[in-house]
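Enquirer: My questions will all concern the structure given below.
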Amino acid sequence: MTREADSPTLVWFRNDLRLRDNPALDAAARRGRPITPVFISDPDSDGDWPIGAAKRWWLHQTLSSLITSLHRHRSRLVILRGDPLTTLRNLVDATNADAVYWNRAYEPAAVKRDTAVKSALRDDGVEIESFNGSLLFEPWEIRTKSQTPYQVFTPFWRACCERPAPALPLDEPSLTLPDHWPKSLDLDDLELEPTIDWADGMRQAWDAGEEAADERLKQFVRQSIAEYDDARDRPDTDGTSRISPYLALGVLSPRQVWHTVRKHVNRSGKPDKRDAASAYLREVGWREFAYHLLYHFPDTPTQPLRDKFASFPWQDDDEALRRWQRGRTGYPIVDAGMRQLWRIGWMHNRVRMIVASFLVKDLLLPWQRGAEWFWDTLIDADLANNTLGWQWIAGCGADAAPYFRVFNPISQGKKFDPQGQYVRQWVPELSEMPDRWIHNPWEAPAGELDSANVTLGTTYPEPIVDHAEAREKALAAFEDIKSG
Ligand SMILES: Cc1cc2nc3c(=O)[nH]c(=O)nc-3n(C[C@H](O)[C@H](O)[C@H](O)COP(=O)(O)OP(=O)(O)OC[C@H]3O[C@@H](n4cnc5c(N)ncnc54)[C@H](O)[C@@H]3O)c2cc1C
């Protein structure tokens, strides 16, 4: 294949929608040729997990912001649709490009796709380079002494922390422009936004783009990181960083997170801040662990990691599933979480655990049904984190919660939302309930319900199950497979 000295480099953007700390873009810039940034929409290449509805909306906002950032460089984003190999081959021909660079993805379908694209384009004589743009440590770099993947978090994270610190983030490169731009679709042609606009709550809650992500992270580090370890379990406060939607599309890289946190801590010089930073980075470590597991155990988005859970007697109850999805279970903290998710495409981690435990252990519905609903409704939907979270709660994953740990939605509510502010925000029909009964309105005296304008079964549902009975039933079922 004959190429000219000014043949462009194609940079294939995927889950790395940023200009700063983007290793593929940086390497393309250092190559010194013109750069043609490209985004390819192809739901088929996501296998069983095509991007869900909420994240499609978020992807639209994020791509729009990336386009604006590229315009600052007088560059563009070439938007195409179709099978990535055919599309890239056509683009190589149309632009006379001699190299395609991208940052690696780790989802099983993406690994398969990228391996095929890499080998076919190399056979065509195109230079292919892939980079690590979304993890602190590659999944194959971290191994136990016996060279197996880790299945327990603490030694995994210790092994990560013993390695050299992640490299410093890269600056935004300057981009050499190509002479001609190939044909591109408009962003709207991808039809990522819903036709009936249900995204108002998400629009109010989230600002897309690198500037917003950077501001969110810096504000958290300046104002809240010192209290993170105590506040992170309180859904009634703004105690977590809320950067997951940015990490999910690579608007922010974990290296940027790591170094922003470390820089702040070093500057402050206070040991308590160092502890707070370690507690926070440890959570980012859970994300690394999730990718480690997904990479080494690619069946886990649908199959339990522990085989014996394959025979668990899950129930099949569409009505119960629907009530859980809509936030109509009659358990206020569960309903608040599910409604927060529906409205803003995000849910607090503590509440994710409570609602997931409720689905799996109180309703005995398969964890996969919950994972699918989260996948469709979270703007931070992430196959690795979602799989880890659901398998952890169900007790069938790596380093999982023991099967006998059943979250009590009443005591969890009382402990982590003591004045019921979180419930009042998301379940407004309970807003006038006194603190004492906000998490268990069915136990309130009739007079208290009347004064709070609550009629159970009419204005707010009766509990879908009795938690104590459901717990016993779940423990018996889990006991069966344990001994089976
Ligand atoms: C059932 C269930 C499903 C989940 N599904 C997802 C998902 O699809 N996408 C997703 O990003 N997270 C998921 N999580 C993990 C966690 O709830 C979110 O990452 C967190 O709530 C995001 O909010 P934050 O950015 O404010 O987190 P912070 O507490 O500020 O933490 C900072 C970052 O650390 C990482 N992190 C924190 N906790 C976890 C964790 N338990 N597991 C893995 N990474 C973590 C995230 O990248 C997060 O953005 C799930 C958890 C559960 C229990």
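Where a number appears in this text, it was derived from the coordinates with a stated rule and is not lab data. Because the structure is a prediction, the values reported are computed rather than measured. Using ideal geometry, Cβ is built from the backbone for each residue, glycine included, and neighbour counts are taken over all protein chains shown.
Enquirer: Rounded, prolate or oblate: pick one for the stretch 121-255, where a ≥ b ≥ c are the square roots of the eigenvalues of its C-alpha gyration tensor, a/c under 1.5 means rounded, and failing that, prolate if a/b is larger than b/c, else oblate. Let's see the in-between values first.
Expert: Numbers: a/c = 1.92, a/b = 1.09, b/c = 1.76.
Judged from the Cα gyration tensor, the stretch 121-255 comes out oblate (a/c at least 1.5, b/c at or above a/b).
Enquirer: Sticking with this structure for a sec: What is the extension gain from residue 74 to residue 482, computed as 0.36 nm multiplied by their sequence separation minus the C-alpha to C-alpha distance, in nm to one decimal?
Expert: On the way: separation 408, 0.36 × 408 = 146.88 nm, distance 6.14 nm.
Length gained between residue 74 and residue 482: 140.7 nm.
Enquirer: For residue 147 and residue 44, calculate 0.36 nm times their separation in residues minus their Cα-Cα distance, and state this gained length in nm to one decimal.
Expert: Values: separation 103, 0.36 × 103 = 37.08 nm, distance 3.41 nm.
Gain on extension, residue 147 to residue 44, equals 33.7 nm.
Enquirer: Over the stretch 9-133, what is the mean sequence separation of C-alpha contacts under 8 Å (at least six apart), divided by residue count, expressed as relative contact order in percent?
Expert: Working: 161 pairs, mean separation 45.1, N = 125.
Relative contact order here is 36 percent.
Enquirer: Starting from the Cα of residue 183, draw a straight line to each of the aspartates and glutamates and keep only those under 15 Å, dropping any in the same chain fewer than 8 residues away.
Expert: Those aspartates and glutamates meeting the cut-off are 93.
Enquirer: First obtain the Kirkwood hydrodynamic radius of the chain from its Cα pairs, then insert it into the Stokes-Einstein equation at 25 °C and 0.890 mPa s, and state the resulting D in µm² per second as a whole number.
Expert: Numbers: Rh = 24.1 Å.
D = 102 µm²/s.
Enquirer: Suppose we look only past 27 Å in the calculated P(r) of the stretch 9-133. What percent of the Cα-Cα pairs does that tail hold? All intermediate terms of the calculation are to be shown ahead of the outcome.
Expert: On the way: 915 of 7750 pairs.
So the pairs more than 27 Å apart make up 12 percent of the total in the stretch 9-133.
Enquirer: Continuing with this model, one more query. Where does the stretch 142-215 land on Rg/Rh, using Cα atoms and the Kirkwood Rh? Present the calculation step by step, with values, prior to reporting the outcome.
Expert: Working: Rg = 21.8 Å, Rh = 18.6 Å.
Radius of gyration relative to Kirkwood radius: 1.17.
Enquirer: DSSP loop (so not H, G, I, E, B), at most 11 other Cβ within 10 Å: list which trypsin sites (Lys or Arg not before Pro) in the stretch 225-298 pass both filters.
Expert: none
Enquirer: Can you list the lysines whose alpha carbon sits under 26 Å from that of residue 308, skipping same-chain ones fewer than 8 residues off?
Expert: 361, 473, 482
Enquirer: Whole-Å semi-axes of the stretch 274-393's equivalent ellipsoid, largest first, each the root of 5 times a Cα gyration tensor eigenvalue? Before the final figure, lay out each step's value.
Expert: Numbers: eigenvalues 112, 79, 29 Å².
So the equivalent ellipsoid measures 24, 20, 12 Å along its semi-axes.
Enquirer: Let me ask you something else. Quote the charge dipole size of the chain about the Cα centre in Debye, to the nearest 20; the model charges only the Cβ of Lys and Arg (+1) and of Asp and Glu (-1). Before the final figure, lay out the partial values.
Expert: Details: 60 positive and 72 negative charges, 318 e Å.
Dipole size: approximately 1520 debye.
Enquirer: How much of the pair distance distribution for the stretch 388-446 lies past 19 Å, counting alpha-carbon pairs only, in percent?
Expert: Values: 766 of 1711 pairs.
Counting every Cα pair in the stretch 388-446, those more than 19 Å apart make up 45 percent.
Enquirer: For the chain, list the DSSP H helices whose alpha carbon atoms reach 27 Å or more along the long axis and whose average Kyte-Doolittle value is -0.5 or above? It would help to have the intermediate numbers written out before the result.
Expert: On the way: long enough: 53-72 (29 Å, -0.26); 271-296 (36 Å, -0.76).
Long hydrophobic helices here: 53-72.
Enquirer: Related question: Distance in nm between label sites at residue 473 and residue 140, each 7 Å beyond Cα in the beta-carbon direction?
Expert: Placing both labels 7 Å along Cα→Cβ, they lie 4.7 nm apart.
Enquirer: Kindly state, as a whole number, the per residue volume in cubic angstrom of the convex hull around the alpha carbon atoms of the stretch 307-483.
Expert: Working: hull volume 18.5 nm³, N = 177.
Cα convex hull per residue, to the nearest whole number: 105 Å³.
Enquirer: Taking other Cβ within 10 Å of each residue's Cβ, how do 176, 302 sort, fewest first? Working shown, then result.
Expert: On the way: 176 17, 302 11.
With the fewest neighbours first, 176, 302 line up as 302, 176.
Enquirer: In addition: Consider a paramagnetic label point 7 Å from the Cα of residue 278 along Cα→Cβ; state which residues of the stretch 246-265 have an amide N under 20 Å from it.
Expert: 257-265
Enquirer: Using label points projected 7 Å from each Cα along Cα→Cβ, tell me how many nm separate residue 196 and residue 267, to one decimal.
Expert: 4.8 nm
Enquirer: In Å, what Kirkwood hydrodynamic radius results for the stretch 10-77 from the alpha-carbon pair distances?
Expert: Details: mean 1/r = 0.0762 Å⁻¹.
Radius from the Kirkwood sum: 13.1 Å.
Enquirer: Another question about this same structure. Would you work out which of 244, 478, 61 lies farthest towards the positive end of the dipole of the chain? Charges go on Cβ: Lys and Arg +1, Asp and Glu -1.
Expert: It is 244.
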